[in-house]
Amino acid sequence: MADSIRFILNGKLVEVAGLPPTTTLLQYLREQARLTGTKEGCAEGDCGACTVAVGKLVKGKVEFQSMNACILFLPTLDGREVVTVEHLKAATGAPTPVQLAMVKCHGSQCGFCTPGFVMALSTMVNNKKNASDDDIQDAIAGNLCRCTGYRPIVDAARMANETTDRALPSHPKELASIQHNRLMTYDVPGGKYFSPASVEDLAMVLSVYPDATILGGGTDVGLWVTKFHMELPVIVYTGNVEELHKIRDTRVLLEIGAAATYTEAFDALAAFDPSMEDLLKRFSSLHIRNAGTVGGNIANGSPIGDGPPPLIALGAKVVLRSKSGARMVELEDFFIAYKKQDRKPGEFVEKLVIPKRPDNVLFRVYKLSKRFDQDISAVCGAFALTIEDDEIVAARIAFGGMAGTPHRAHKAERALVGRVWNEEAVEKAMAALDDDYQPMTDARASAEYRRTTARNLLKRFYIETTDPSVKTRLYRYAE
Ligand SMILES: Cc1cc2nc3c(=O)[nH]c(=O)nc-3n(C[C@H](O)[C@H](O)[C@H](O)COP(=O)(O)OP(=O)(O)OC[C@H]3O[C@@H](n4cnc5c(N)ncnc54)[C@H](O)[C@@H]3O)c2cc1C
Ligand code: FES
Ligand code: FES
């Protein structure tokens with residue numbers, strides 16, 4: 001059976017059949033729908049020129065999020081609403097407050113980035129009353145402008161923020177008419193695409209196609225197509241499996257479904273520690289966090305992913321499921337070698353289980369990258385020490401960017417256990433870190449930089465947790 005893809009585009013129902021499943025929304029908008037207001041800059045989720053608003057029906061209302069059209073595969077839009085820059089003035093026939101503010105504040109010069117900024121800010125204004133400066137910066141952290149400069153754009157955002165006319169045009173009735181809760185199959189000459197609606201159907205499809213590409217938010221997989229021109233003959237999308245979006249927060253543990261996006265999981269994860277919130281805010285951009293999943297960040301096995309170091313330090317476990325049942329492995333054991341994970345054909349990541357942090361566990365995570373926002377880590381270090389009667393009784397230290405997989409610093413941990421958390425202990429552990437890792441030099445950082453900063457991050461952890469006069473710097477953009 002070959003379904004078509006149905007979504008609401010700028011207020012109208014569109015039905016797509018015959019295009020390969022890896023066609024991006026951006027390609028469709030520009031080449032098929034001839035909506036060329038949405039631009040292509042990088043085609044890898046980095047510049048924001050392709051920003052659109054993607055809406056989902058929630059309790060009869062359309063909830064919009066900003067996303068990068070360049071790495072969204074078209075079939076994932078089935079049952080969604082898409083608003084592009086062309087549609088903004090639909091409600092009144094006149095430019096919106098965001099568009100007017102961009103003109104008044106001189107927020108556009110060559111104009112190439114402008115539709116992306118306008119869409120990012122329109123989504124922000126639509127979703128949030130009285131957005132703060134931090135909200136504004138967050139909303140546009142995934143949008144680059146090479147000629148205007150950001151001050152006039154931020155001024156425009158502040159001005160638009162003061163209006164009461166906030167809404168993106170939405171079409172809940174039309175959207176309701178295309179909702180379904182079944183396994184969707186899209187089978188065309190360019191490839192097969194399955195979108196199950198239940199964990200059972202997901203397991204069933206993967207038992208038939210054990211080597212299929214599992215697709216979460218596509219913020220990695222999208223680039224395999226747009227940058228590496230890979231062909232993906234069978235794709236299985238997890239985004240419509242409601243159970244995989246569940247977040248269960250109890251007194252003793254936090255469970256996060258693999259298809260929960262970083263935006264969905266943000267608050268629950270940030271609650272572990274302010275440094276975790278800082279990390280999450282610097283995890284790519286809002287547009288990427290709105291699509292990218294926690295499960296995808298683990299399953300991709302990247303040595304520089306930001307999720308694994310803090311989750312390993314916190315003692316997280318990963319639940320893997322297939323048609324024949326589920327098993328649970330320690331997250332650190334899931335990463336076997338560079339790009340080799342403990343996942344059998346037909347298995348998928350179902351959820352993560354993270355123990356809650358007791359009060360006697362000191363914890364911090366720090367990310368170092370060349371750019372503050374929207375950049376992958378050069379080094380990411382996470383530290384958890386359990387202290388009883390002034391003695392360190394357990395230590396979990398995990399780094400990303402220091403080896404072919406994210407993994408623990410067992411020697412440094414051993415140097416700490418049984419000691420008092422003092423200068424001598426931290427010096428011993430810093431020295432031991434040199435034996436734990438033999439980092440590489442690559443485009444992000446030299447081996448020496450990585451070695452030095454890993455030691456220094458441990459020192460920073462020590463200073464922040466022992467000297468009450470040193471305040472942990474909470475994430476704040478420049479005033
Ligand atoms: C511009 C940009 C900036 C980025 N910045 C960061 C950053 O700051 N920090 C960071 O850590 N990452 C970053 N990333 C990488 C990426 O966004 C994250 O790794 C994200 O969490 C991946 O999730 P996804 O759902 O998009 O994965 P996808 O692209 O859908 O999948 C990634 C991999 O996981 C597999 N997979 C997905 N879900 C499952 C599942 N349930 N079971 C088994 N396998 C599965 C896929 O088959 C694929 O191999 C960035 C990416 C881009 C494009
Ligand atoms: S074209 Fe650059 S983010 Fe999409
Ligand atoms: S106005 Fe030219 S890139 Fe922003």
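Among the residues in segment 92-100, are any small (Gly, Ala, Ser), surrounded by fewer than 24 Cβ atoms within 10 Å (Cβ to Cβ) and free of Cβ contacts under 8 Å to residues at least 40 places away in the same chain?
Just the residues of segment 92-100 that are small (Gly, Ala, Ser), to begin with: 93-94.
Adding the requirement that they be surrounded by fewer than 24 Cβ atoms within 10 Å (Cβ to Cβ) leaves 93-94.
Now narrow it down to the ones that are free of Cβ contacts under 8 Å to residues at least 40 places away in the same chain: 93-94.
Checked against the condition, which is being small (Gly, Ala, Ser), surrounded by fewer than 24 Cβ atoms within 10 Å (Cβ to Cβ) and free of Cβ contacts under 8 Å to residues at least 40 places away in the same chain, segment 92-100 yields at least one hit.
When you check Ile140 against the structure, is it outside the structural domain of Val62 (by TED's automatic domain parsing) and within 16 Å of ligand 1 (Cβ to nearest atom), yes or no? Outline the logic, then answer.
Details: outside the structural domain of Val62 (by TED's automatic domain parsing): yes; within 16 Å of ligand 1 (Cβ to nearest atom): yes.
For Ile140, the condition - outside the structural domain of Val62 (by TED's automatic domain parsing) and within 16 Å of ligand 1 (Cβ to nearest atom) - is met.
Residues in segment 164-199 that are part of a loop (DSSP other than H, G, I, E, B) and either free of Cβ contacts under 8 Å to residues at least 24 places away in the same chain or more than 30 Å from Tyr209 (Cα to Cα) (or both): how many? Before you say what the answer is, go through the steps one by one.
Residues of segment 164-199 that are part of a loop (DSSP other than H, G, I, E, B), as a first pass: 164-171, 177-183, 189-190, 196-198.
From what's left, either free of Cβ contacts under 8 Å to residues at least 24 places away in the same chain or more than 30 Å from Tyr209 (Cα to Cα) (or both): 164-171, 177, 181-183.
Adding up the residues that qualify gives 12.
Of the conditions (1) away from ligand 2 (no atom under 16 Å from the Cβ); (2) in contact with a strand residue (DSSP E or B) (Cβ under 9 Å, 6 or more places away or on another chain); (3) β-branched (Val, Ile, Thr), Thr123 satisfies every one except a single condition; which number is it?
For Thr123, the exception is condition (1).
Residue-by-condition table, conditions (1) away from ligand 3 (no atom under 16 Å from the Cβ); (2) in contact with a strand residue (DSSP E or B) (Cβ under 8 Å, 6 or more places away or on another chain); (3) over 19 Å from Phe112 (Cβ atoms):
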| site | (1), (2), (3) |
| --- | --- |
| Leu29 | yes, yes, no |
| Arg34 | yes, no, no |
| Asn68 | yes, yes, no |
| Phe73 | yes, yes, yes |
| Thr76 | yes, yes, yes |
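Among (1) among the charged types (D, E, K, R); (2) within 27 Å of Ala398 (Cα to Cα); (3) at pLDDT 95 or above, which single condition is Lys281 missing?
Among (1) among the charged types (D, E, K, R); (2) within 27 Å of Ala398 (Cα to Cα); (3) at pLDDT 95 or above, Lys281 violates only (3).
So if I check each of Glu413, Glu424, Glu464, which one is surrounded by fewer than 14 Cβ atoms within 10 Å (Cβ to Cβ) and either of a type outside the set (Gly, Ala, Ser) or under 21 Å from Val365 (Cβ atoms) (or both)?
Answer to the check: Glu424.
How many residues are over 20 Å from the mean Cα position of the chain (by Cα), crowded, with 18+ Cβ neighbours inside 10 Å and part of a helix (DSSP H, G or I) if we restrict to segment 18-47?
The total comes to 4.
Can you spot a residue in segment 69-80 that is more than 23 Å from Arg30 (Cα to Cα), surrounded by fewer than 22 Cβ atoms within 10 Å (Cβ to Cβ), away from ligand 2 (no atom under 16 Å from the Cβ) and of a type outside the set (Lys, Arg)?
First pass over segment 69-80, keeping only residues more than 23 Å from Arg30 (Cα to Cα): none.
Within segment 69-80 (the criterion being more than 23 Å from Arg30 (Cα to Cα), surrounded by fewer than 22 Cβ atoms within 10 Å (Cβ to Cβ), away from ligand 2 (no atom under 16 Å from the Cβ) and of a type outside the set (Lys, Arg)), the answer is no, since none of the residues qualifies.
Give me the pairs: first residue in segment 14-28 and free of Cβ contacts under 8 Å to residues at least 40 places away in the same chain, second residue surrounded by 23 or more Cβ atoms within 10 Å (Cβ to Cβ) and part of a strand (DSSP E or B), beta-carbon distance under 7 Å, and six or more apart or on different chains, which are they?
Here the result reads Val14/Phe7, each pair linking segment 14-28 to a residue that is surrounded by 23 or more Cβ atoms within 10 Å (Cβ to Cβ) and part of a strand (DSSP E or B).
Report, by residue number, each residue of segment 34-53 that is touching an Asp or Glu at 6+ places or on another chain (Cβ under 7 Å), closer than 16 Å to Thr23 by Cβ and among the aliphatic types (A, V, I, L, M). First the steps, then the outcome.
Residues of segment 34-53 that are touching an Asp or Glu at 6+ places or on another chain (Cβ under 7 Å), as a first pass: 35, 37, 49-50.
Now restrict to residues that are closer than 16 Å to Thr23 by Cβ: 35, 50.
Within segment 34-53, just Leu35 meets the criteria.
One residue is enough: does segment 112-123 have a residue meeting the conditions among the polar types (S, T, N, Q), in contact (Cβ under 8 Å) with a residue 24 or more places away in the chain and on the phi > 0 side of the Ramachandran plot?
No, every residue in segment 112-123 fails to be among the polar types (S, T, N, Q), in contact (Cβ under 8 Å) with a residue 24 or more places away in the chain and on the phi > 0 side of the Ramachandran plot.
Of the numbered conditions (1) within 16 Å of ligand 2 (Cβ to nearest atom); (2) outside any loop (DSSP other than H, G, I, E, B), Leu254 fails exactly one; give the number of that condition.
(1)
Which of the residues that make up segment 217-254 are charged (D, E, K, R) and in contact (Cβ under 8 Å) with a residue 12 or more places away in the chain?
Within segment 217-254, Asp220, Lys227, Glu231, Glu242, Glu243, Lys246, Asp249, Arg251 meet the criteria.
So which strands (runs of 3 or more DSSP E) are wholly in segment 295-372 and hold at least 3 residues that are more than 16 Å from ligand 2 (Cβ to nearest atom) and buried (at least 19 other Cβ atoms within 10 Å of the Cβ)?
Working: elements: 317-322, 325-330, 335-337, 348-355, 361-368.
So the answer is 317-322, 348-355, 361-368.
Listed residues Ala167, Ala160, Ala176, Ala197; which is modelled with pLDDT of 95 or more and closer than 30 Å to Ala94 by Cβ?
Going through Ala167, Ala160, Ala176, Ala197 in turn, just one is modelled with pLDDT of 95 or more and closer than 30 Å to Ala94 by Cβ: Ala176.
The values are calculated or read from the model by the stated rules, or taken from the named source; none is laboratory data. None of the values given here were measured: they were computed from a predicted structure. Virtual Cβ from ideal backbone geometry, glycine too; neighbours counted across all protein chains shown.
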